[in-house]
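Read the structure below first, then the notes.
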Amino acid sequence: MDEYVLRLPIRELETDDWITLHSDLTAFLMVVLQEIYSATCRARLDGTLPTGWELVIDVVGEDGQQRTIAPWPLVLEHLRPVPQRIPRLLEAVERAAGHGAG
């Protein structure tokens, strides 16, 4: 995934391209958390969003505490101002999930 993002013509991306990239990275994070930490995905009601819901990931941290992660804002944070390296994004998600260095 890191190579994919690094090869993108960032300065040429249009709005639809950014949405696609954001969706790809969100899906990638969901799969990683499911595969490594047995996380589960669900829709959480959110009346502030146009859809009325947001996709979240439930995962148990190293301390045994349940955490809920909203991947969309986390990915957005790491897409600005310039896409960060994917390992940094993964580290941020692992911290939010209660795994890895805090």
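FYI, it's all coordinate maths here, none of it is from the lab. All values reported here derive from a predicted model rather than from experimental measurement. Note: ideal-geometry Cβ built from the backbone for every residue, glycine included; neighbour counts use all protein chains shown.
Restricting the first member to the stretch 63-78 and to residues that are hydroxyl-bearing (Ser, Thr, Tyr), and the second to residues that are assigned to a strand (DSSP E or B), the beta-carbon pairs closer than 9 Å and six or more apart or on different chains are THR68/ARG42; THR68/ARG44; THR68/VAL56; THR68/ILE57; THR68/ASP58; THR68/VAL59.
Answer yes if at least one residue in the stretch 21-36 is over 13 Å from the mean Cα position of the chain (by Cα) and closer than 20 Å to ARG88 by Cα, and no otherwise. Looking through the stretch 21-36, at least one residue is over 13 Å from the mean Cα position of the chain (by Cα) and closer than 20 Å to ARG88 by Cα.
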